[in-house]
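Quick one: this structure, given as structure tokens, is what I'll be asking you about.
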């Protein structure tokens, strides 16, 4: 099981992730929605396409851009539509590479 933890709280949990560039991406349904809020920020990755972000919120504290996702990734990243990867500050535990 892979868990993403911030501020002592599990903000995502899933049995299986998708690895891209060595980073684990969790499917959208793995996010605990009570701890993430969509950000207005958008960026561009030259090979994954448009990235959107979540602000992670736990116990009155916020981590802007604590997770990022690609709603409609480009063909090279087609395995991760809507999947989220976590930024600095969020600890991803027990990550295992997919088989």
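What distance in nm separates the simple spin-label points at residue 62 and residue 79, each placed 7 Å from Cα in the Cβ direction?
3.4 nm
A follow-up question, please. For residue 9 and residue 92, what is the calculated FRET efficiency with R₀ set at 22 Å and r taken between the beta-carbons, to the nearest 0.05?
0.95
Quick one: 25, 53, fewest Cβ neighbours within 10 Å first, how do they rank?
53, 25
Report, to one decimal in Å, the Kirkwood hydrodynamic radius for the stretch 45-99 based on all distinct Cα pairs. Don't jump to the answer; show the numbers that get you there.
Values: mean 1/r = 0.0801 Å⁻¹.
Taking every pair of different Cα atoms in the stretch 45-99, averaging 1/r and inverting gives 12.5 Å.
Tell me, what are the semi-axes, in whole angstrom and largest first, of the equivalent ellipsoid of the chain as set by the roots of 5 times the Cα gyration tensor eigenvalues?
Taking √(5λ) for each eigenvalue gives 20, 17, 10 Å, largest first.
Readers should treat all values here as calculations from the given coordinates under stated rules, not as data from a laboratory. Small disclaimer: the values here were computed from a predicted structure and weren't measured. Here the Cβ is made from the backbone with ideal geometry for all residues, glycine too, and neighbour counts use every protein chain on show.
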